[in-house]
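Below is one structure; the comments refer to it alone.
The values are calculated or read from the model by the stated rules, or taken from the named source; none is laboratory data. Just so you know, these numbers come straight off a predicted model, no measurement behind them. Positions of Cβ are backbone-derived with ideal geometry, glycine not excepted, and every protein chain shown enters the neighbour counts. Remember, those area values only see protein heavy atoms, side chains included, never the ligands or the DNA or RNA. Shrake-Rupley method; radii C 1.70, N 1.55, O 1.52, S 1.80 Å.
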Amino acid sequence: MNNPLLSKWTTPFQTPPFNEIELKHFKPAIEEAIRFAEKEIEAISINTESPSFGNTIAALDRAGESLSLVTSVLFNLNSAETNKKLQEITQEVSPLLTRFSNDITLNSQLFERIKKVFEHKDNLLTEQKILTEKRYRSFILGGAGLHDEARKRFREITEELAKLSLKFEENVLDETNSWELHLINKDDLLGLPEGVIEMAASTARERNKDGWVFTLHYPSYVPFMQYSEKRELREMMLKAYSSRSFHGNERDNSNNVLKIANLRLELARMLGFRNFAEMILGDRMADTPEKVNTFLDELFEASKDAASRDFGNVKEFASKSGHKGNLERWDWAFYSEKLKRKLYNIDDEILRPFFPLDKVEKAIFDLSGKLYGIKFIRNESIQVYHPEVKAYEVIDRNNHFLAILYLDYFPRTGKNGGAWMTSFRDQKRINEADVRPLISIVANFTRPTDNTPSLLSFNELTTFLHEFGHALHGMLSQCTYESLSGTNVSRDFVELPSQFMENFAYEKEWLDLWVTHYKTGEKLPDEIMIKIKESAVFNEGYACFRQLSFGFLDIAWHALEQHIESDVDNFEKKAMNKTELFPPVKGLNMSVQFGHIFGGGYAAGYYGYKWAEVLDADAFELFKEKGIFNSDVADSFRKNILEKGGTEKPMDLFKKFRGREPSMEAFLRRSGLK
């Protein structure tokens, strides 16, 4: 069988040939790519030459290129355009990949070579030294130091964890897709904006139903919670959303959470660590659980008064608006939005007409050009995995090719929720040839309707900027080794470029360049621009508390030092208790749908979002001092942060850009916490 996944890709820029790839190609391609990679690894292991950086560490970084390309296509499709058959294939090959990974790190001969290079690492260049340290650490964490019996158990655990994480995400996606709120009474639409109603009518038609259908996908769920006057329906929506995979059925993730947490602890203890968090954090800026907890506690104390103030303000406003009894979770978005409208005379529905997606896309492209001199050219000859996906060539100011950027904007039943940046190929250099990256942004933005283009909420605007920051980190990379390029950096550093970009959404100087009403062409009034800036701190104390609650929950699951058999719900309540402002609601649970830590790569690292906020606020303050489009500052940010990947220690890179270590002051001021 001619397998396009294994053939040399003759497509433009050697992009994946999506039009030729069929589901039947994946498993044979992965099996063959593993066999080829095994030969490459064996050649490195049995090399009779004395171990050196070039013949061991660098050679290992280059090994398995074909496997990397095939798996990137598989796992990216499984997140963005999946189906039951693809999920089954992913579950089938996952143990094969874990086994192959274990075969590498448990290869004693190979580890001895790496160890010898590691012992003489001080003679290497900085990038080589960093890669050597990273590779040595990955082997230690991969069980290289274990005896035979422990190695067998290590393999069992890692294979089981890989399957459990995939199953966790499948369950959440199935739960999200399986629920809908079908309304046929027009009175039930009270308070909802016309665009939201139109989108719900369109969803109903797609499902061959009368009336209106609301779903648990963000573009439907969020505006419903913000604007619906029907409190009982808001309650129904919130309970459906926040109880996903917590119904005691075949899609319940409670046991998966306990299994994952316990297996991660067992793995960490086998490797000589007290807990999983200690194991994971060793190469982070906050490199111990104690440092993470200290950071979270400091932010908790700094935001406590502001969070109580924000909650009290919304509660008082709700009471004055006729609300009786407790302020419940399903009341928060509704009354917050009304209070924001009263205080600042802006809300999502006032702003949406000024943020049509095509104009936002162009504005972000232009901003990237203004800062870094890059251009984006649509290329329709590049094959895509879904008709809605667009592909762009990215070139620099000298017309040199930098990257391919895929953009996939709208919700589908085969797509996970949220938004993310990913890659089909990372940047690297092979024999002086610069292999440029293939970067993708996947989102769940508001769909266009029959009568209206896609109009983004302000939150969707900041989400686009956020993911574009990640994309810039990947596209502008100028590194030698793939394992250190682009976003292959410490987890608590990776959010700096993304969160940095969000700052522009609040800057009049940028908004003035492009924001106009999609129908009338009128500019966004100055007073609304000012209100956007002022409203940036609205409920920021509460928002900080909410993020901290997730950070506390994450570190609680991964700082465990004893196996846990207890109720997932009780464990969660205890972990999040000090940040809880609402009355408890039975049947809701965050852990069972917390994909970042149980399905993705943020285990013991969710604190990194707040950590990076401190970095990005401090970084952007320099732009504000010198001018937000200042070419010298932008050039420094590009050269010292965006191009460098993980080739130097994160703190060293930040200090090269900022001239000093980061300060929390800018973050506290920006957030209104000081």
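Note: segment 110-253, Cα convex hull, 193 Å³ per residue. For segment 238-294, the Cβ-based charge dipole about the Cα centre amounts to some 180 debye (Lys, Arg positive; Asp, Glu negative; other atoms uncharged). Of the peptides 6-16, 362-372, the order by per-residue mean of other Cβ atoms within 10 Å, starting with the highest, comes out as 362-372, 6-16. Rg and Dmax, both from the Cα atoms of segment 94-152 and both in Å, are 12.6, 38. Accessible area per residue for the chain is 42 Å², calculated with a 1.4 Å probe on protein heavy atoms, without ligands, DNA or RNA.
Take every pair of alpha-carbon atoms less than 8 Å apart whose residues are at least six positions apart; their mean separation over the length of segment 1-139 yields a relative contact order of 26 percent.
Only beta bridges with both residues in the chain are counted; by DSSP, about 85 percent of them are antiparallel. For Glu561 and Arg35, the difference between the fully extended length at 0.36 nm per residue and the C-alpha to C-alpha distance is 185.5 nm. Shown are Glu112, Glu527, Glu432, whose ranking by accessible area with a 1.4 Å probe and every protein chain present, most to least, is Glu432, Glu527, Glu112. Per-residue Karplus couplings for segment 3-15, computed as 6.51 cos²θ - 1.76 cosθ + 1.60 with θ equal to phi - 60°, are listed in order as 10, x, 6, 9, 6, 5, 6, 9, 5, x, 6, 6, 7 Hz, Gly and Pro entered as x. For segment 1-148, the convex hull drawn through the C-alpha positions has a volume of 143 cubic angstrom per residue. With contacts taken as Cα pairs under 8 Å at a separation of at least 6 residues, segment 357-454 carries a relative contact order of 21 percent.
Multiplying the residue separation of Lys84 and Asn249 by 0.36 nm and subtracting their alpha-carbon distance yields 57.6 nm.
About the centre of its Cα atoms, segment 101-239 shows a dipole size close to 740 debye [charges on the beta carbon of Lys, Arg (+1) and Asp, Glu (-1) only; nearest 20 debye]. Pairs from the table (Lys338/Lys586; Lys362/Lys508; Lys163/Lys649) lying more than 24 angstrom apart at Cα are Lys338/Lys586; Lys163/Lys649.
Dividing the summed helix terms, -39500 (n - 2.57) for each DSSP H run of n ≥ 4, by the number of residues in the chain produces a 222 nm estimate of -17000 deg cm²/dmol to the nearest 500.
Given R0 = 22 Å, the distance between the Cβ atoms of Lys152 and Lys27 translates into a calculated FRET efficiency of 0.30. Under a 5 Å amide H cut-off, with hydrogens placed 1.01 Å from N, Ala403 pairs with Val394 among residues at least 5 apart or on other chains.
Between Phe538, Thr520, Pro453, the Cα set farthest toward the positive side of the dipole of segment 451-549 (charges on each charged residue's Cβ, about the Cα centre) is that of Pro453.
Based on C-alpha pairs under 8 angstrom that are at least 6 apart in sequence, the chain has a relative contact order of 16 percent. Of interest is the spacing of the C-alpha centroids, which for segment 358-404 and segment 506-564 amounts to 26 Å. Distance between the pseudo-spin-label points of Asp122 and Asn208 (7 Å out from Cα toward the beta carbon): 7.4 nm.
Of Val384, Ser636, Ala666, which is farthest on the positive side of the dipole of the chain, counting Cα position, with +1 on Lys and Arg Cβ, -1 on Asp and Glu Cβ, and the Cα centre as origin? So the residue we want is Ala666.
Note on Glu509 and Phe13: with the Förster distance fixed at 41 Å, the Cβ-Cβ geometry gives a FRET efficiency of about 0.75. Hey, could you get me the Stokes-Einstein D for segment 597-647, Kirkwood radius over alpha-carbon pairs, 37 °C and 0.692 mPa s, rounded to whole µm² s⁻¹? Translational D for this selection: 258 µm²/s. Which of Ser242, Thr463, Ala505 sits closest to the plus end of the dipole of the chain, meaning its Cα is farthest towards the positive end, when Lys and Arg get +1 and Asp and Glu get -1 on the C-beta? Of the candidates, Ala505 comes out farthest on the positive side.
In plain terms, the chain from Asp297 to Leu343 could stretch by 13.5 nm, reckoned as 0.36 nm per residue minus the Cα-Cα distance. Heavy-atom accessible area, probed at 1.4 angstrom with all protein chains present, ranks Ser220, Ser66, Ser50 as Ser50, Ser66, Ser220, highest first. Projected label points at His517 and Ala543, each 7 Å from Cα along the beta carbon direction, are separated by 2.6 nanometres.
Surface composition of the chain: carbon plus sulfur atoms contribute 48% of the solvent-accessible area (1.4 Å probe, protein chains only, all chains present).
Each Lys or Arg adds one and each Asp or Glu subtracts one; over the other residues with Cβ under 15 Å from the Cβ of Asp526, this totals -2. Rounded to the nearest whole angstrom, the semi-axes of the ellipsoid equivalent to segment 476-635, taken from the Cα gyration tensor as √(5λ), stand at 36, 24, 14, largest first. Take 131-142, 293-304 and order them by the average number of nearby Cβ atoms within 10 Å per residue, most first; the result is 131-142, 293-304. Scaling against 2.2 N^0.38 Å puts the C-alpha radius of gyration of segment 404-488 at 1.29. The spacing between segment 235-311 and segment 152-178, judged by their C-alpha centroids, is 17 Å. Phi angles of segment 614-630 translate, via the Karplus equation with coefficients 6.51, -1.76, 1.60 and θ = phi - 60°, into HN-Hα couplings of 4, 5, 6, 5, 5, 5, 5, 4, 5, 4, 5, 5, 9, x, 5, 10, 4 Hz per residue; Gly and Pro are given as x. Taking the Cα centroid of segment 617-674 and of segment 570-594, what is the distance between the two, rounded to the nearest whole Å? Each part reduced to its Cα centre gives a spacing of 35 Å. Legend: translational diffusion of segment 228-323 by Stokes-Einstein, Rh = Kirkwood radius over C-alpha pairs, 10 °C, 1.306 mPa s; D = 89 µm²/s.
Close amide H pairs (under 5 Å, H built 1.01 Å from N) link Val435 with Lys428, Arg429, Ile430, residues at least 5 positions away or on another chain. Using Cβ point charges alone (K and R +1, D and E -1), the dipole size of segment 584-668 about the Cα centre works out to roughly 180 debye.
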